[in-house]
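This report concerns only the one structure given below.
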Amino acid sequence: MKKYDCIIIGGGPAGLAASLTLGRARKNVALFDNATNRNRVTQASHGYLTRDGIKPSEFKKIALDELKEYPAISIFNETVLEVKRNPNGNSYVVYSEQREYHTETILLATGIQEEFSLQQIRDYYGKSLFSCPYCDGWEMRDLPLAVIAENESHVLHLTKLVFNWSTDLIVFTNGVEVSVDVQRDLKRKGINIYTEQIKQLHGNDGMLERIELTSGETISREGGFVVPSFYRPNQFAEALSCEIDETGAMISDGAGRTSINGVYVAGEAEKANPSSLLIAAAEGNRVAASINFDLVQNRF
Ligand SMILES: Cc1cc2nc3c(=O)[nH]c(=O)nc-3n(C[C@H](O)[C@H](O)[C@H](O)COP(=O)(O)OP(=O)(O)OC[C@H]3O[C@@H](n4cnc5c(N)ncnc54)[C@H](O)[C@@H]3O)c2cc1C
């Protein structure tokens, strides 16, 4: 029975960077990916040094081509369904749709996913509605934008940020009332706010054109920014008994070691919060060094 040094679940920037570092450290790695990376809905990724504006699919292709140079890295386009700690010791079993795989260590790099209370946002997300101004603010600069935020604390935070790229803003809370103070701060900057529920988003091919309120009033907007909720799309951390704090973040030592020996986490999966391609890749690189160090230490 083949036993890998590390099974990496997730081939986003975190898992890909970790694979590269471990492959170069002569470790037998199995990388699993099922192509549900969070940025699959968008056409261009920004802000990754040397790759600004690259298509997510091209980014992944370049990374996978680089991994193919290292014979100890096996790549499986399979969904991992279950992970278990082997009762006989410090090793793990990973079950995909196809079969089971054995490993000494496991890296959770499965990222996060978004949820929207207003389902129609999905149709525009990644094309004209975005959640990260640092990723897409430049492309949306000076356009007439909507800020859709359904929570008072998000309203001012996101509006202040997006105002950096466009001052032509209208805030929509989709039925949530906000305090007089927030309304006054927005008014001071000439920003209108609609607290009425949104009835319908109108546009073509993901490009927003108008927002219709329940009163029937429609407001023209060419795009905007939204605040999704984020969640880990699996229960692997729980199944492996990894400690999770009250914010939903996995407890780690800051270098990817979770509370369970042999189980590591990298990328957005760790805090269940959004970050960026560059940060996720850097974390994958750093956590791979922890994994390698622990393996060499145990074997020396
Ligand atoms: C619309 C949009 C635009 C964005 N634009 C930018 C941008 O311009 N610049 C930027 O820096 N960032 C951008 N981001 C954010 C960026 O996508 C994330 O920060 C980054 O992808 C996080 O990397 P990760 O490796 O943690 O997770 P992900 O990239 O999400 O990768 C996780 C991987 O795990 C795999 N996986 C999950 N579960 C399983 C399973 N059970 N079995 C097998 N595989 C599994 C998935 O297939 C996926 O490939 C954007 C995000 C979105 C949604």
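Laid out as a table, the results:
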read-out	value
Hits in segment 258-288 - residues which are of a type outside the set (S, T, N, Q) and in a loop (DSSP other than H, G, I, E, B)	Ile260, Gly262, Ala266, Glu270, Lys271, Ala272, Pro274
Number of the condition not met by Leu143 [criteria: (1) farther than 24 Å from Asn39 by Cβ; (2) in contact with an Asp or Glu (Cβ under 6 Å, 6 or more places away or on another chain); (3) not hydroxyl-bearing (Ser, Thr, Tyr)]	(1)
Some residue of segment 73-85 being aliphatic (A, V, I, L, M), within 24 Å of the chain's Cα centre (by Cα) and part of a helix (DSSP H, G or I)	no
The listed residue being over 25 Å from Ser131 (Cα atoms) and surrounded by 12 or more Cβ atoms within 10 Å (Cβ to Cβ), out of Glu243, Glu222, Glu238, Glu209	Glu243
All positions within segment 19-62 that are within 19 Å of the chain's Cα centre (by Cα), of a type in the set (A, V, I, L, M, F, W, C), surrounded by fewer than 19 Cβ atoms within 10 Å (Cβ to Cβ) and not in a loop (DSSP other than H, G, I, E, B)	Val41, Ile54
Matching option when the condition is over 27 Å from Pro87 (Cα atoms) and either of a type in the set (A, V, I, L, M) or without any contact (Cβ under 8 Å) to a residue 40 or more places away in the chain (or both), among Glu177, Glu222	Glu177
Qualifying residues in segment 263-294 (those that are touching a strand residue (DSSP E or B) at 6+ places or on another chain (Cβ under 7 Å) and small (Gly, Ala, Ser)) - the one surrounded by the most Cβ atoms within 10 Å (Cβ to Cβ)	Ala266
Residue tally, condition out of contact with any Phe, Trp or Tyr (no Cβ under 9 Å at 6 or more places or on another chain) and more than 11 Å from the ligand (Cβ to nearest atom), over segment 93-117	3
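None of the figures in this text is laboratory data; all of them are computed from the coordinates on show. These numbers were taken from a predicted model, which means no experiment stands behind them. A quick note on method: Cβ atoms are made from the backbone with ideal geometry, for glycine too, and the neighbour counts reach across all protein chains shown.
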